[in-house]
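Please read the structure below before turning to the comments.
The values are calculated or read from the model by the stated rules, or taken from the named source; none is laboratory data. Keep in mind that this is a model prediction, so the values were computed, not measured. Cβ sites come from the backbone with ideal geometry, for glycine too, and all protein chains shown count toward neighbours.
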Amino acid sequence: MSKSAQRRLVLGLTGGIAAYKAAELTRLLIGQNATVQVVMTDAATRFISAATMQALSGGPVYTDLWDGRVDNGMAHIELSRGADLIAVAPASADFLAKLAHGLCDDLLSTLCLARDCPLLVAPAMNRQMWEHPATQRNVAQLRADGIAVLGPDSGSQACGESGMGRMLEPESLADEILAWFEPKVFAGYRVLVTAGPTFERIDAVRGITNPSSGKMGFAVARAAKEAGAEVTLVSGPTTLAAPTGITIKRVTSAQEMLGAVEAAVGTCDIFISVAAVADYTPLNPQEQKMKKDARILSLELAPTPDILANVASRANPPFCVGFAAESERLDEYAEAKRKRKHLPLLAANIAQQSIGADESELILFDDQGRHPLPRAPKLEQARKLIAHIARLYPASH
Ligand code: C5P
């Protein structure tokens, strides 16, 4: 997660077992340079104490409409003034119903009605409560009213059942809340991203691959989604979880990656090729595990298809962005690669400092020259890359 500019958030908690996750959410948001003003309903205080939330948010917690601590004595108005956003997590079925109907009989619901900033809700409830037509009606109404509904997720529930209704995990919620502030420069655009290494099979148990973690490609996919794009991510083998709201296609070999890219590229506006595609693949992969002996083993390798070059040389190509990981002579090799593959933009880095790491130092090369991005977390770099593409894209189309 990248450091955001300081944001002033009001975090509302309503009554649900997922309230315990709001503690971690608060820590994550504060760790990202946000200030968090906590407001709890009475029911929420049955699940997690105001003292816990006060300690974690570093400020007073409000629960009462008649609280006299606020300067002008009007907590329901004052607490959201100056706030950039109100997020309610967890949002119970009852609270969604109140919001949908404009009811305001406690501090949090009144605050939501009297706000002049965006409102995000993260539903958390038993699956039957979530699926109930009344809840679905209320959620549709909230969306129509411009309220963002984050999740819920499906999975095991505190009641022992399994299904839709779990609150999103604090990590995802913090990401979604902070992503709300990113400019939507790619709303209405389709972006295709490749990520991770590929794995080229030698035999049943062995293969050729590289240490790419997929972190940069996943970060680019997320930054594109935050910018409002519809994103498809084609990923080689990684341990990373699928980012929310992104279509992901998992592949193994370069050939499979090419197939998945070809299936999606026809409708995309921007193609960002972050994957560290293996350059060679064994010519005759063996079905069974090869037995070792004392002799030297030679493998015959054939070059893999260059997916990016393929896409860039199409009749009507999308805006193509390449990546280059070099171990030396970065500028020279990167520019040569950009020219050879006919790319308007290429992001280059020193492989030893970047592959598998959480941070990277990038240099962007385009027709105007080189644009260094000093070392920073990969999501932050990805957001800068997306902003750079947004500046170049209009001139190219
Ligand atoms: O030529 P090189 O492999 O260094 O080029 C790197 C760029 O080309 C990256 O954007 C990478 O995703 C892409 N590439 C590809 N297919 C290959 C090899 C590289 O799409 N077979």
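Across region 214-246, what is the total count of residues that are assigned to a loop (DSSP other than H, G, I, E, B) and either buried (at least 20 other Cβ atoms within 10 Å of the Cβ) or not assigned by TED's automatic domain parsing to the domain that holds residue 268 (or both)? Full working, then the answer.
Initially, region 214-246 is screened for residues assigned to a loop (DSSP other than H, G, I, E, B), giving 214, 227-229, 236-246.
Narrowing the set further to residues that are either buried (at least 20 other Cβ atoms within 10 Å of the Cβ) or not assigned by TED's automatic domain parsing to the domain that holds residue 268 (or both) leaves 214, 227, 229, 236.
Number of matching residues: 4.
Among the listed residues 318, 303, identify the single one that is exposed (fewer than 11 other Cβ atoms within 10 Å of the Cβ) and more than 22 Å from the chain's Cα centre (by Cα).
Only one candidate passes the filter, namely 303.
What pairs come up if the first residue lies in region 146-171 and is assigned by TED's automatic domain parsing to the domain that holds residue 123 and in a loop (DSSP other than H, G, I, E, B), the second is surrounded by 15 or more Cβ atoms within 10 Å (Cβ to Cβ) and aromatic (Phe, Trp, Tyr), and their beta carbons are under 9 Å apart, counting only those six or more places apart or on different chains?
Close Cβ pairs satisfying both conditions: 152/130.
Could you name every one of the strands (runs of 3 or more DSSP E) located completely within region 278-365 that has at least 3 residues being within 8 Å of the ligand (Cβ to nearest atom)?
Result: 319-326.
Scan region 77-95 and tell me whether some residue there is in contact with a strand residue (DSSP E or B) (Cβ under 7 Å, 6 or more places away or on another chain) and over 20 Å from residue 8 (Cα atoms).
yes
When you scan region 237-253, do you find a residue that is of a type outside the set (Ser, Thr, Tyr) and within 11 Å of the ligand (Cβ to nearest atom), even just one?
So far as region 237-253 goes, no, none of its residues is of a type outside the set (Ser, Thr, Tyr) and within 11 Å of the ligand (Cβ to nearest atom).
Within region 179-213, track down each residue that is within 15 Å of the ligand (Cβ to nearest atom) and outside any loop (DSSP other than H, G, I, E, B).
Passing the criteria: 191, 192, 193, 194, 195, 197, 200, 208.
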